[in-house]
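Starting off with a structure, shown below.
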Amino acid sequence: SICVDERRDKIFAWLAAPDHQPSHTSAQKKTQPDTGLWFVRGETFKAWRDLPHSTLWLHGKSIAHLSSTLVNELFLPNGRDPLPAVAYFYFTNKQTGTNVAVRSLINQLSLTMASDIQAAVESLYSQHSEGWQSPTLGTLISTLKSLIASIPHPYIVLDALEECLDRNELLRLIQEIHGFGSLHLLATSREELDITDMWSPEVKEKVETSLMNGAHGMFRWVPCQLDALGKCHTSAAVEAALQSLPRTLYETYDNIFLNIQEADRQSALKVLQWLAFSVRATSLAETVEILATNPNMAGACLFNPNERLLNPQEVLIICSSLVTISEESTAEEENTGRYLPCTTNRAQVSLAHFSVKEYLTSGHVRGGCASMLYFNQHMADTFIAETCLAYLLQFNQPFYNHGIRHLNYPLSQYAAEHWTHHARSSGCSSDTLQWLIMALLHSKDAMYTSWIELHDPDGALIRSFHNYRMGGPLYYTSLTGLEIPLLLLLARGVEANAHGGRCGSALQAAASKGHKEIVQLLLEHGANANAFGGQFGTVLQAAASCGDMEII
């Protein structure tokens, strides 16, 4: 139907997978007509093609430009699959990373299946607020595995692994999907020095045996052990480490925490809380600002530029293997297939795996050796709200150039747009949070005006109306559902019937968003339920607009 087609288009637009065809066409142009025929006619290729859950790694200079021939061969009728499910990705010039590759593979496999939106992709979209949030690499890999499991004989070809921007993440992807379902996975690369290349054949065999025996189906456990083993400088150190491998994934994360420098642990907690409960993906530039913000320094320096990391990549040292950095591509890059090098503003920081969040919020952490890392959603939302407000309180001058503002203060947009969400979710019970909110909500101060300039909860377009009058602090606390700050404002004598804002009054603003507790508080403090004005006209019409029968 038209509705299904429109939704499918919307979901795949949000997925933002690059067009895979140009890279394949370019590879074909560089390939001689008979390139690779010796291989596709051989028994090794035929066995890989015909046997389920088979993995093949081709490496060496002689395999250059071979992938395009293999892909073309897979699309030929084979007597078993009338429409083979083939997905491929070419890594080029260290300009693309694992996140982009997985998006492309999801897109390709989805297009080979039934015409309806695939359940796995639909679920991914729904889980991310109908496209308002960006998926992490972990959730993308989970979706890819769901697609692989639902296809009888899926094929994936990954070309030039050595050209991947974040090779560690790529190796983790391969670790998770190889042998999964009935997947036929083929990868090509030149022989390059990697951690396993430095080990002797005997050490490699011991590592493989130990990791195979210890994994017990825990995909994430294996790459974590490889990270730890990669820090061993001698064969004796590798063998000693193999004798004391942690038994569970949580014990592995305990070891990672214990290896974080003690001076870095508080900074690690900041980053981990933010990544676990932020409403969208976090850039590396934003992460640097988070670490330079100190919301508990009330009355002192809430944001100190001198505390910005000199090298943003050191986030990986501070948080160790608990986080990862990947690149975010632009729409133009995805359309053209030409990707620029990753920068601090484009790079995204995320938890290394969904199990990291489960670990950090678990009872295991709360009562264990890593107890200082424990937090729950209430604690994280409180911290994020406090950090956003502390960051906003530095802006005591109006913005004249928003482009310069975003460049110099990368966290400003997130802080302005989402502090109310985190504050409401936390319940505003923290004394520090209440102090920061009230510090911002001085309507005569530049910080309040700067916040509204950055993000007006009423909507940016509404301010262009000729007769628009910006709402006051009581209006915005009512509109965004901040109950405790509203009570503090009322206690200070703020007029409950003050006019302003798109809705005309605080009462209508609360009613239009379904904040029935705030509606009741305003009425108890003398708000006029019969006042006329604003976008909706009356409180009753404002309540009807959100369909809340209790308020009506």
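The values are calculated or read from the model by the stated rules, or taken from the named source; none is laboratory data. The shown structure was predicted, so the numbers you read here are calculated from the model rather than taken from an experiment. Note: ideal-geometry Cβ built from the backbone for every residue, glycine included; neighbour counts use all protein chains shown. These area figures cover heavy atoms from the full protein model, side chains too; ligands, DNA and RNA do not enter into them. Shrake-Rupley method; radii C 1.70, N 1.55, O 1.52, S 1.80 Å.
What number of residues within region 127-167 satisfy the criterion of being crowded, with 18+ Cβ neighbours inside 10 Å and among the aromatic types (Phe, Trp, Tyr)?
The qualifying residues number 1.
Here are the criteria: (1) open to solvent by 10 Å² or more (accessible area, probe 1.4 Å); (2) aliphatic (A, V, I, L, M); (3) over 27 Å from Ser68 (Cβ atoms). Tell me which single one Leu124 does not satisfy.
The number of the failed condition is (1).
Would you mind stating whether Phe303 is aromatic (Phe, Trp, Tyr) and over 16 Å from the mean Cα position of the chain (by Cα)?
Taking the combined requirement at face value, the residue satisfies it.
For Ala281, state whether it is closer than 19 Å to Glu386 by Cβ and out of contact with any Leu (no Cβ under 6 Å at 6 or more places or on another chain).
No: the conditions fail for Ala281.
Matching residues to (1) among the charged types (D, E, K, R); (2) more than 29 Å from Leu229 (Cβ to Cβ):
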position	(1), (2)
Leu258	no, no
Ala263	no, no
Ser267	no, no
Leu272	no, no
Phe277	no, yes
Arg280	yes, yes
Ser283	no, yes
Glu289	yes, yes
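Which numbered condition in (1) at pLDDT below 65; (2) in a helix (DSSP H, G or I); (3) among the aliphatic types (A, V, I, L, M) is the only one that Ala114 fails?
(2)
Moving on. Within region 379-402, is there a residue that is surrounded by fewer than 21 Cβ atoms within 10 Å (Cβ to Cβ), modelled with pLDDT of 95 or more and not hydroxyl-bearing (Ser, Thr, Tyr)?
The answer is yes, given that some residue of region 379-402 is surrounded by fewer than 21 Cβ atoms within 10 Å (Cβ to Cβ), modelled with pLDDT of 95 or more and not hydroxyl-bearing (Ser, Thr, Tyr).
Run down Ser26, Ser62, Ser68 and say which single residue is modelled with pLDDT under 85, open to solvent by 80 Å² or more (accessible area, probe 1.4 Å), assigned to a helix (DSSP H, G or I) and among the small types (Gly, Ala, Ser).
Ser62
Hey, among Ala292, Ala263, Ala276, which residue is open to solvent by less than 20 Å² (accessible area, probe 1.4 Å), free of Cβ contacts under 8 Å to residues at least 40 places away in the same chain and of a type in the set (A, V, I, L, M, F, W, C)?
One residue alone meets the criteria, Ala292.
Tell me, which residue of region 533-552 that is among the small types (Gly, Ala, Ser) and not in a helix (DSSP H, G or I) is modelled with the lowest pLDDT?
Across region 533-552, the extreme among qualifying residues is Gly547.
Still on this structure, I have one more. For Gln508, which of the numbered conditions (1) in a helix (DSSP H, G or I); (2) open to solvent by 10 Å² or more (accessible area, probe 1.4 Å) fails to hold?
All conditions pass for Gln508, except number (2).
Could we say that Glu307 is at pLDDT 90 or above, surrounded by fewer than 18 Cβ atoms within 10 Å (Cβ to Cβ) and not aromatic (Phe, Trp, Tyr) here?
So Glu307 passes the test.
Sticking with this structure for a sec: Scan (1) modelled with pLDDT under 90; (2) open to solvent by less than 60 Å² (accessible area, probe 1.4 Å) for the single condition Thr287 breaks and write down its number.
(1)
Got at least one residue in region 136-157 being free of Cβ contacts under 8 Å to residues at least 60 places away in the same chain, on the phi < 0 side of the Ramachandran plot and among the basic types (Lys, Arg)?
Taking every residue of region 136-157 in turn, at least one turns out to be free of Cβ contacts under 8 Å to residues at least 60 places away in the same chain, on the phi < 0 side of the Ramachandran plot and among the basic types (Lys, Arg).
Quick check: is even one residue across region 514-528 open to solvent by 50 Å² or more (accessible area, probe 1.4 Å) and within 37 Å of the chain's Cα centre (by Cα)?
Yes, there is a match, as at least one residue in region 514-528 is open to solvent by 50 Å² or more (accessible area, probe 1.4 Å) and within 37 Å of the chain's Cα centre (by Cα).
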